[in-house]
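Undergrad: Structure provided below as structure tokens; questions to follow.
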């Protein structure tokens, strides 16, 4: 018996091995692509949730509050609200009760109820400072309701880094969302997904 014929692969044997290797490589590429697309989809879902439920509403409420605050200062011909003069008190109270505190309440509720959506591992200090600032105003407004106008502002000041944090976080998440939506892999996934559905 000639053992060399058994050792040397035949053309059919080589073709079978090549077919198996190509099938395995195709499966591996498909598996890795699907896994990568699933990870990208999960990242996009989290970014969208953070934008829709936390940073987006926080950003809009903060921008609205900032615009309203600057509008009040312009109306009063002042560069800053402090000190609140006696002649400005009535208007300050009106703006606090109808504009600023409702916006503060929205932001406070977002921070407290959806803190699990923050980007950082640890709660940013400016968010805690903001909630403390709002709580201070609630005490001031309770005194106003009783006719005591000796305090005109929260004893806990506005955290200056709050607005910057909200703007930067919102912008970073929007950039991440755009990157995830417009990546080549994502476009391929969407074209395949939509083709299957139609």
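The values are calculated or read from the model by the stated rules, or taken from the named source; none is laboratory data. This is a predicted model, so every value here is computed, not measured. Every residue, glycine as well, gets a Cβ built from its backbone with ideal geometry; the counts of neighbours run over all protein chains shown.
Undergrad: Identify, please: which residue in segment 109-137 is outside any loop (DSSP other than H, G, I, E, B) and more than 18 Å from residue 61 (Cα to Cα) and is, among those, farthest from the chain's Cα centre (by Cα)?
TA: Result: 136.
Undergrad: Then there is this: Could you give me the residue pairs with C-beta distances under 8 Å whose first residue belongs to segment 20-33 and is in a helix (DSSP H, G or I), whose second residue is surrounded by 10 or more Cβ atoms within 10 Å (Cβ to Cβ) and at pLDDT below 65 wherever it lies, and which are 6+ apart or on separate chains?
TA: 33/185
Undergrad: Being in contact with a helix residue (DSSP H, G or I) (Cβ under 9 Å, 6 or more places away or on another chain), part of a helix (DSSP H, G or I) and within 21 Å of residue 58 (Cα to Cα) is the filter here, so list the residues in segment 138-169 that pass it.
TA: If the condition is that a residue be in contact with a helix residue (DSSP H, G or I) (Cβ under 9 Å, 6 or more places away or on another chain), part of a helix (DSSP H, G or I) and within 21 Å of residue 58 (Cα to Cα), then 138, 161, 162, 163, 164, 165, 166, 167, 169 are the ones that fit.
Undergrad: Same structure, new question: Looking at segment 61-105 only, could you name the residues that are outside any helix (DSSP H, G or I) and either modelled with pLDDT of 95 or more or more than 21 Å from residue 135 (Cα to Cα) (or both)?
TA: If we filter segment 61-105 for residues that are outside any helix (DSSP H, G or I), which is where we start, we get 77-85.
Within segment 61-105, 77, 78, 79, 80, 85 meet the criteria.
Undergrad: I'm trying to understand the selection: among the residues of segment 170-186, which are assigned to a helix (DSSP H, G or I) and at pLDDT 60 or above?
TA: Our first condition is that a residue be assigned to a helix (DSSP H, G or I); within segment 170-186, this holds for 170-181, 184-186.
Residues satisfying the conditions are 170, 171, 172, 173, 174, 175, 176, 177, 178, 179, 180, 181.
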